[in-house]
Amino acid sequence: MSSTPQSQARTESVLEAKAPALSAEEAAEVAQRVFGIQGSAHPLSSERDQNFRLREGDGREWVLKIANPAEDPAILDMQTQALLHIARVDPELAIPRIKTTPDGALFHQIDGLDGRRFIARVLSFLPGQLLEDATPQPALGRDVGAMTARLARALRGFFHPAARHELLWDLTQAPALRTRTHHIGDPGHRRLVEEVLDHFDAEVLPKLRKLRAQIIHNDISCLNTLVDGDRVTGVLDFGDLIHAPMVADIAVPISELIVESTDPIATAAEITAGYHAVTTLEDDELALVFDLVSTRSAMHVAIGNWRVGDHPENSDYIMSGVQEHGALLEQMQEWRRDRMYAGLRRACSMPISVAVPDFARRPSDEENLQPMLERRRQRLGPGLDLSYDRPLHVVRGEGVWLIDATGRSFLDAYNNVPHVGHCHPTVVQALAQQAATLNTNTRYLYESAIEYAERLIATMPADLSVCMFVCSGSEANDLAWRLAKAHTGNTGAIVIEDAYHGTTDAVHELSPAEQGEGRPLAEHVAAVPAPDGYRGKFRKDDPQYADRYATCIDEAVASLDARGFAPAAFYLDLILSSSGIFVSPPGYLSAAFEKVRAAGGLCVADEVQSGFGRTGEHFWGFSAHGVVPDIVTLGKPIGNGYSMAAVVTRPEIVASLIEESEFFSTTGGNPVACRVGLAVLDVLEREGLQERAARVGTQLRSQIGDLAGRHLLIGEVRGAGLFIGVDLVRDRSTLEPAADEATAIVNRMRDQGVLVGIDGPHANVLKIRPPLVFDEDHALQLTDALDQALQEI
Ligand code: PMP
């Protein structure tokens, strides 16, 4: 005997070492001499070990496993201990049982005729048909998933020091296969495998490392699963046990069963749903299934091609499925990662976020809305307008889609409240979980309010270091008004001529856009023109136009003074939505802020519409102008639809208010709101939505700009990120606003399944501000619909 198994393990890897090569007679002899089993031995297939099926005279059957000599004994011990553990915690689970030697040993070392030393173990033989030979049925996939989860459950409390050993079939070690890809003969497959491994290394592995991990079976393959009809009756082969992310366990059966499936996403969904019914899968796990499956297939192709050269004698086993996995990699290029994700989420009864629903193009039979419209008018009162000539009866939202009662989907390019997508699963889950745990008010200590305030403040300039919670943008602006008055001792306000800041009594007075026709502003309010360089009083062709608009602040201060007021605050919506959607010209804000402060007022940045990355280049609208406001007000997107809002300001400003009165909002900053807010921040960060707003917004503006070459109605395309205004004009020299045309276009686009709105003092500016999960395909769809609507009118 030249070396021990341990020393061999140091010099050759288990997949490189030749499998043991006992004859059937030798195997029968070992079975009898060591384990007391008298009977015949028949070889079984194996990747790297040698297995024999033993049959005793009385019909009892066993499997003699002769381990590969390069296998670390500690790993074999882990496998043995795992089988013993599972038998203890879930005795009904059909897995092989260890048969000890007559004196109670779990294994025996034998010296092979080739001079090598092998570890031999005996396991009970499980009867049944291999999944490999069964006819696939949907219910079977579900049971495979359920069995995978049940086995993982049984292994939950198990650990072994050898659990993190090197194993080529460990998905988390897949990048190591890069050094083997040159063995892949088919150049197309080689390129695909390399692409998958590169993507895995760069994108998947960092996310995988954050997922739940434990010891898993890691090889619930067709060759290791026993079935009877549509039921799984047993699981074999614990040779690939490894400590790895739990979700890696389902990638194996999915990658094998979808190979032959006519509807791979449905098959994957069945397996996943089966698993989910036993152990709830997390959203982050589902999001990676697509990549884990493709990586597993890439591993098949790489390992098979490499090993077959060294082990031509075992080529049938090694190469089984390799060609199919290569073909699967080709097919998977056609699927969309988010389609698989959506399918899995649907199968697990989770809301879908960013995927294009299959029903996106399903035609609708128009519903008769009259009875509902009548009830609404009676009970909600007149004056609460509905959007579109043909209002939408919406029943569901998913990502960028709104779905009506007939099942038709509309591409939502209008709603900015579902900032990270309608019903984003991460947000929904955070909301539901917290609602089921605790919801109370900010007079109690709880972590989420503090954590949220800290996270939010970290995105702001250092001076703005206190966060106050309320429930709506209007309340935030109302509170800002109280803060400004308390801190300055003044009671006047300066606002933009067409501004909208909310609906409370105080803020309504600061919203000229909402005053009735010809109604004068309140005495303490002075309005200045919006710094509109396109159709305003001063235009872009005047190099001084930003300064001239800022000078209007001086006039407002003088006008207030004449009425006996000094400014407590100047309010500015950072995307000037109700003024027609644009960004203030460079220099305007710093000059305006300086003038307001010189007159004793505070500057309030209303980021209710523009905040949280929507404008793309910056997280906050004011950051584009190099200014730091005194107060920032937030709402709408902050809670993705959950009522939540906040005011961020300096501590001394809060102190001024508290000196003169109390502030408390019962539901402002409640634990559910704060968890929702944290989830929104997480999603924004994780999905890179600010960058997406910049990228897709630029593309969309440029596409609509291209339409202007053919459609004279388009006067100007402007805005920032995914907040876009399209100013429609009847005449490009007079800039006569095309309001009726805007209404017609919006209604036609609605009929084509694309939702946009209208804004601006002349109601002629198309307003486009979709959930930030809007992507390049959606931008194209919107542009096509706009093009068609423009042609039609
Ligand atoms: N400020 C701005 C700029 C807004 O657009 C709005 C709402 N459209 C508000 C404040 C008021 O927010 P809410 O309706 O949530 O009270």
- Task: Could you check ALA558 against (1) without any contact (Cβ under 8 Å) to a residue 12 or more places away in the chain; (2) within 14 Å of the ligand (Cβ to nearest atom); (3) aliphatic (A, V, I, L, M) and say which number it fails?
- Result: (2)
- In the stretch 406-433, anything touching a strand residue (DSSP E or B) at 6+ places or on another chain (Cβ under 6 Å) and of a type in the set (Ser, Thr, Tyr) is listed as SER409, TYR414
- Could you list, in sequence order, the residues of the stretch 259-280 that are surrounded by 24 or more Cβ atoms within 10 Å (Cβ to Cβ) and either in contact with a His (Cβ under 8 Å, 6 or more places away or on another chain) or closer than 17 Å to LEU171 by Cβ (or both)? ALA268, ILE271, THR272, TYR275
- Task: Could you please tell me which pairs satisfy a Cβ distance under 7 Å, a separation of 6+ or placement on different chains, a first residue in the stretch 635-651 that is open to solvent by 10 Å² or more (accessible area, probe 1.4 Å), and a second residue that is within 10 Å of the ligand (Cβ to nearest atom) and not aliphatic (A, V, I, L, M)?
- Result: LYS636/ASN416; LYS636/GLY473; LYS636/GLN609; SER643/CYS471; SER643/SER472
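Condition first: within 16 Å of the ligand (Cβ to nearest atom), under 29 Å from the mean Cα position of the chain (by Cα), surrounded by 20 or more Cβ atoms within 10 Å (Cβ to Cβ) and closer than 19 Å to ASN640 by Cβ. Can you find one or more residues in the stretch 437-449 that meet it?
Taking every residue of the stretch 437-449 in turn, none turns out to be within 16 Å of the ligand (Cβ to nearest atom), under 29 Å from the mean Cα position of the chain (by Cα), surrounded by 20 or more Cβ atoms within 10 Å (Cβ to Cβ) and closer than 19 Å to ASN640 by Cβ.
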- Message: Residue pairs, Cβ under 7 Å, 6 or more apart or interchain, first in the stretch 573-588 and touching a residue at least 60 places away in the same chain (Cβ under 8 Å), second within 9 Å of the ligand (Cβ to nearest atom) and not in a loop (DSSP other than H, G, I, E, B). List them.
- Response: ASP573/ASP606
- Message: Just checking: which of the strands (runs of 3 or more DSSP E) contained wholly in the stretch 22-113 hold 1 or more residues that are in contact with a strand residue (DSSP E or B) (Cβ under 7 Å, 6 or more places away or on another chain), hydroxyl-bearing (Ser, Thr, Tyr) and surrounded by 15 or more Cβ atoms within 10 Å (Cβ to Cβ)?
- Response: 39-44
- When (1) open to solvent by less than 60 Å² (accessible area, probe 1.4 Å); (2) in contact (Cβ under 8 Å) with a residue 24 or more places away in the chain are applied to ALA432, the one that fails is (2)
- Message: Taking the condition of being open to solvent by 60 Å² or more (accessible area, probe 1.4 Å) and β-branched (Val, Ile, Thr), how many residues in the stretch 479-517 meet it?
- Response: 2
- Note on the structure: Exactly one of SER665, SER656, SER610, SER623 is within 16 Å of the ligand (Cβ to nearest atom), among the hydroxyl-bearing types (Ser, Thr, Tyr) and either part of a helix (DSSP H, G or I) or buried (at least 23 other Cβ atoms within 10 Å of the Cβ) (or both), and that one is SER610
- Query: From the list PHE565, PHE582, which one is away from the ligand (no atom under 14 Å from the Cβ) and part of a loop (DSSP other than H, G, I, E, B)?
  - Reply: PHE565
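When you look at GLY715, is it surrounded by 21 or more Cβ atoms within 10 Å (Cβ to Cβ), over 24 Å from VAL417 (Cβ atoms) and either of a type in the set (Ser, Thr, Tyr) or modelled with pLDDT of 95 or more (or both), yes or no?
Working: surrounded by 21 or more Cβ atoms within 10 Å (Cβ to Cβ): yes; over 24 Å from VAL417 (Cβ atoms): yes; either of a type in the set (Ser, Thr, Tyr) or modelled with pLDDT of 95 or more (or both): yes.
For GLY715, the condition - surrounded by 21 or more Cβ atoms within 10 Å (Cβ to Cβ), over 24 Å from VAL417 (Cβ atoms) and either of a type in the set (Ser, Thr, Tyr) or modelled with pLDDT of 95 or more (or both) - is met.
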- Give me a count of the residues in the stretch 670-687 that are more than 22 Å from THR442 (Cα to Cα) and open to solvent by 20 Å² or more (accessible area, probe 1.4 Å). 4
- Note on the structure: Pairing a residue in the stretch 471-493 that is more than 12 Å from the ligand (Cβ to nearest atom) with any residue that is of a type in the set (Lys, Arg) and part of a helix (DSSP H, G or I), where Cβ atoms lie under 7 Å and the two sit 6 or more apart in sequence or on different chains, gives THR491/LYS485
- Note on the structure: Given (1) at pLDDT 90 or above; (2) more than 28 Å from the chain's Cα centre (by Cα); (3) of a type in the set (Ser, Thr, Tyr), SER315 misses just (1)
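Filter the stretch 182-195 for residues that are touching a residue at least 40 places away in the same chain (Cβ under 8 Å) and assigned to a helix (DSSP H, G or I) and give the result.
The answer is HIS183, GLY188, HIS189, LEU192, VAL193.
The values are calculated or read from the model by the stated rules, or taken from the named source; none is laboratory data. This is a predicted model, so every value here is computed, not measured. Note that we place each Cβ from the backbone using ideal geometry, even for glycine, and neighbour counts take in every protein chain shown. Heads up: the accessible areas ignore ligands, DNA and RNA and are worked out on the full protein's heavy atoms, side chains in. Shrake-Rupley method; radii C 1.70, N 1.55, O 1.52, S 1.80 Å.
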